[in-house]
Amino acid sequence: MSAPVLELSGVTREHRQGDLVVHALRGADLTVAPGELVAVMGASGSGKSTLLHIAGGLDTPTAGQVLVEGQELTRLSAAALAAVRRRSVGYVFQDLNLIPALTAVENVSLPRELDGVRGRQARAEARAALDEVGIGELADRFPDEMSGGQQQRVAIARALVGERRLLLADEPTGALDSTTGEEVLRLLRARCAAGAAGVLVTHEARHAAWADRVLFLRDGVVVDTSGPVTGAESLLPAGGGA
Amino acid sequence: MSIRHGLLALLERGPSHGYQLRAQFDSATGATWPLNVGQVYTTLDRLERDGLVAQDGAPDGSPDGEGRIAYRITDAGRAEVRTWFGSPVGSRAAPRDELAIKLALAVTTPGVDVLAVVQTQRSATMSTLQELTRLKVREAADDLAWSLVLDSLVFRAEAEIRWLDHCEARVARAAARRPTVPPAAATPAPEAAPAGKRGRR
Ligand SMILES: Nc1ncnc2c1ncn2[C@@H]1O[C@H](COP(=O)(O)OP(=O)(O)OP(=O)(O)O)[C@@H](O)[C@H]1O
Ligand SMILES: [Mg+2]
């Protein structure tokens, strides 16, 4: 098996508020290889976004290790960490984080331009990514001229653009209808099939089911992991008819 | 699922033998509800008895050269098919009642880790959901009929998981309301009673 893109081991994140300690995440382990898509489920407040933020170097664990493409994130300088975040990680935030003053195509091309890609090429890539998520014709609109689902797809295009090896998506299907949501899952799967590693946070079991593994979090602890059953007979409704 | 109505609907397309019907049924439902040929013939016998199908071909109903009897749908059978398509399917959740009963027993039996019971079921149902999704992506991509049948199983499994999430949240909230569980839980007080009292204020 090829070297993992993401390795979390014993990752704990505590928030201190006076005397009170909130354990957002406790001793989480997770390894994701190229080609794999892992889903994370759990009740609100169970630590899903915390796990994703830490995996993407946007938050620092209180204890434990985080390796992205073999680099231990907590040991990197701020500049090196910023470079990993821009080059290796594609992130779809729970609250989208689109820049209101930029059009869709500018939002998508910005991280590439920041990374030194020339404007013309970055915009061509951005248009291709917007086409991929099915909203190529909206490239020149501003976020407030688009529906929630369309904005969501801009955020997804921004995460897909470039050669990011690690895709982290926090509720990327939230504002999408069921067929569009499924298209997003197909896209994520296709990117993983092409060699990326993906982690997807979702409340929808139907969407989590596209993953190779599903992690269940409860109160910051990984309580279980499920993979697909083998043997199609077990899928049939009891009785088989009549 | 009614085999009777399924076979009638297939015969609406034209006369068929039992073997052909079974194959047609499998391909229409993506082999999600496999039938054995015995079930097909038993059902055809009953349909014939009820006047909804008739033997096709030789007037004396004798088999063809290979010993097979073909059936065709009657006018009464056609009416039955129309009625079937025109009426909703009853929400008879029989196979999953066992789960509801199991959870009801789990919350009232001392010493049972209800959250673990919920999680075990959730992982199992998620595994099923993952496999259904794989089938859909790999095998039913170009087959609209089958992929819709798979979708129906997908949505059903999803509903079960949502219900389990709901159970977990209810159980957690109930536990938070009674932080100290009395050790003598042999006669579990029905949770509704104190809540009801509190509700009256
Ligand atoms: N900055 C913070 N300070 C204190 N507590 C925090 C902070 N950030 C998160 N938490 C707490 O950590 C826990 C995990 O939060 P997290 O955002 O990871 O949950 P989540 O699973 O993503 O929930 P949701 O489904 O609602 O998005 C919660 O109890 C939350 O209140
Ligand atoms: Mg969150």
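Any residue at all in segment B:74-82 that is closer than 30 Å to B:ASP26 by Cβ, within 11 Å of another protein chain (Cβ to nearest Cβ), open to solvent by 20 Å² or more (accessible area, probe 1.4 Å) and at pLDDT 90 or above? Before you say what the answer is, go through the steps one by one.
As a first pass, look at segment B:74-82 and keep what is closer than 30 Å to B:ASP26 by Cβ: B:74-82.
Of the ones still in play, those that are also within 11 Å of another protein chain (Cβ to nearest Cβ) are none.
No, there is no match, as no residue in segment B:74-82 is closer than 30 Å to B:ASP26 by Cβ, within 11 Å of another protein chain (Cβ to nearest Cβ), open to solvent by 20 Å² or more (accessible area, probe 1.4 Å) and at pLDDT 90 or above.
In this structure, does A:GLY42 turn out to be of a type outside the set (A, V, I, L, M) and in contact with a Cys (Cβ under 7 Å, 6 or more places away or on another chain)?
Judged against the criteria, A:GLY42 is not a match.
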> Any chance segment A:71-82 includes a residue that's outside any helix (DSSP H, G or I), within 15 Å of ligand 1 (Cβ to nearest atom), open to solvent by less than 70 Å² (accessible area, probe 1.4 Å) and away from chain B (no Cβ under 14 Å)?
Replying inline: no
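May I ask you to verify whether B:SER127 is at pLDDT 85 or above, within 13 Å of chain A (Cβ to nearest Cβ) and surrounded by fewer than 17 Cβ atoms within 10 Å (Cβ to Cβ)? Spell out how you get there, then give the answer.
Numbers: at pLDDT 85 or above: yes; within 13 Å of chain A (Cβ to nearest Cβ): yes; surrounded by fewer than 17 Cβ atoms within 10 Å (Cβ to Cβ): no.
Spelling it out, it is not the case that B:SER127 is at pLDDT 85 or above, within 13 Å of chain A (Cβ to nearest Cβ) and surrounded by fewer than 17 Cβ atoms within 10 Å (Cβ to Cβ).
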>> With the requirement that a residue be surrounded by 21 or more Cβ atoms within 10 Å (Cβ to Cβ) and in contact with a Ser or Thr (Cβ under 6 Å, 6 or more places away or on another chain), what does segment A:94-131 give you?
In response: A:ALA122, A:ALA126
>> I need the full set of residues from segment A:47-70 which are within 16 Å of ligand 2 (Cβ to nearest atom) and open to solvent by 20 Å² or more (accessible area, probe 1.4 Å), in order please.
In response: A:SER49, A:THR50, A:HIS53, A:LEU58, A:ASP59
> Which of the residues belonging to segment A:12-29 are more than 16 Å from ligand 2 (Cβ to nearest atom) and open to solvent by less than 30 Å² (accessible area, probe 1.4 Å)?
Replying inline: A:THR12
>> So, A:ARG141, is that one within 12 Å of the chain's Cα centre (by Cα) and either farther than 27 Å from A:ALA43 by Cα or open to solvent by 20 Å² or more (accessible area, probe 1.4 Å) (or both) or not?
In response: no
> Looking at (1) away from ligand 2 (no atom under 16 Å from the Cβ); (2) within 14 Å of chain B (Cβ to nearest Cβ); (3) β-branched (Val, Ile, Thr), can you tell me which one A:VAL32 breaks?
Replying inline: (2)
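Could you run through segment A:35-46 and say how many residues are in contact with a helix residue (DSSP H, G or I) (Cβ under 7 Å, 6 or more places away or on another chain) and either crowded, with 22+ Cβ neighbours inside 10 Å or within 14 Å of chain B (Cβ to nearest Cβ) (or both)? Steps first, answer last, please.
Taking segment A:35-46 as the starting set, the residues that turn out to be in contact with a helix residue (DSSP H, G or I) (Cβ under 7 Å, 6 or more places away or on another chain) are A:35-37, A:39-43.
Add one more test, that the residue is either crowded, with 22+ Cβ neighbours inside 10 Å or within 14 Å of chain B (Cβ to nearest Cβ) (or both), and what stays is A:36-37, A:39-43.
So the count comes out to 7.
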>> Can you tell me which residue is nearest to the chain's Cα centre (by Cα) among those in segment A:174-203 that are open to solvent by less than 20 Å² (accessible area, probe 1.4 Å), away from every other protein chain (no Cβ under 14 Å) and within 16 Å of ligand 1 (Cβ to nearest atom)?
In response: A:VAL199
>> Can you report the number of residues in segment B:132-177 which are more than 11 Å from chain A (Cβ to nearest Cβ) and either in contact with a Pro (Cβ under 8 Å, 6 or more places away or on another chain) or not in a helix (DSSP H, G or I) (or both)?
In response: 3
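The values are calculated or read from the model by the stated rules, or taken from the named source; none is laboratory data. Computed from a predicted model, the values in this text were never measured in an experiment. Backbone-built Cβ (ideal geometry, glycine too); neighbour counts: all protein chains shown. Each accessible area value is taken on the protein alone, full model and side chains, heavy atoms only, with ligands, DNA and RNA left out. Shrake-Rupley method; radii C 1.70, N 1.55, O 1.52, S 1.80 Å.
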